[in-house]
Amino acid sequence: MPAFTLTEFRQVVEKCFQGEAGPLDGTALDASFSDLGFDSLMVYEITVRIQDEYPVEISDDELDELRTPGAFIAFVDARLSVSG
């Protein structure tokens, strides 16, 4: 399976929020979701979309630990690498 990168993450966010990915560039990878303007419901919506589009499962406990886009992307990419 191809890598899950910032590009794929941005695409998912844009689908969730009608083309608005917000400030998601390379400098945002280590910023917290809350600092980027994402509340917990938005992060959950992104998670559901990723689980619908990719063969990956993210538990609520795992999601609680993924506080930045970089951590989220690395987690999904690692899961895809294992399942691929």
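At 1.4 Å probe size, with the rest of the protein present, what percent of the exposed accessible area of the range 12-84 is carbon and sulfur atoms? Walk me through the numbers before you get to the answer.
Values: 2070 of 4190 Å².
Here it works out to 49 percent.
Angle check, please: helix 40-53 long axis (alpha carbons) against the longest principal axis of the chain (alpha carbons), in degrees 0 to 90, nearest 10.
30 degrees
Mind checking the full-extension length gain between Leu29 and Leu41? Use 0.36 nm per residue of separation minus the Cα-Cα distance, one decimal, nm. Don't jump to the answer; show the numbers that get you there.
Working: separation 12, 0.36 × 12 = 4.32 nm, distance 1.91 nm.
Length difference between fully extended and current span is 2.4 nm.
Can you list the GluC sites (Glu not before Pro) in the chain that are in a DSSP coil and have 16 or fewer other beta carbons within 10 angstrom? Walk me through the numbers before you get to the answer.
Working: sites: Glu8, Glu14, Glu20, Glu45, Glu53, Glu57, Glu62, Glu65; in loops: Glu20, Glu57.
The qualifying sites are Glu20, Glu57.
So how many Å³ per residue does the convex hull of the Cα atoms of the chain work out to?
On the way: hull volume 7.0 nm³, N = 84.
Cα-based convex hull of the chain, divided per residue, equals 83 Å³.
What accessible area per residue comes out for the chain, rounded to a whole number of Å², with a 1.4 Å probe?
Numbers: 4870 Å² over 84 residues.
It amounts to 58 Å² per residue over the chain.
Step by step: find N for the range 41-82, compute 2.2 N^0.38 Å, then divide the Cα radius of gyration by it. What's the final number?
This ratio for the range 41-82 stands at 1.03.
The values are calculated or read from the model by the stated rules, or taken from the named source; none is laboratory data. Since we're looking at a predicted model, the values are computed, not measured. Methodologically, a virtual Cβ is constructed for each residue, glycine included, from the backbone with ideal geometry; neighbour enumeration extends over all protein chains shown. Side chains included, ligands, DNA and RNA excluded: accessible areas come from the protein's heavy atoms. Shrake-Rupley method; radii C 1.70, N 1.55, O 1.52, S 1.80 Å.
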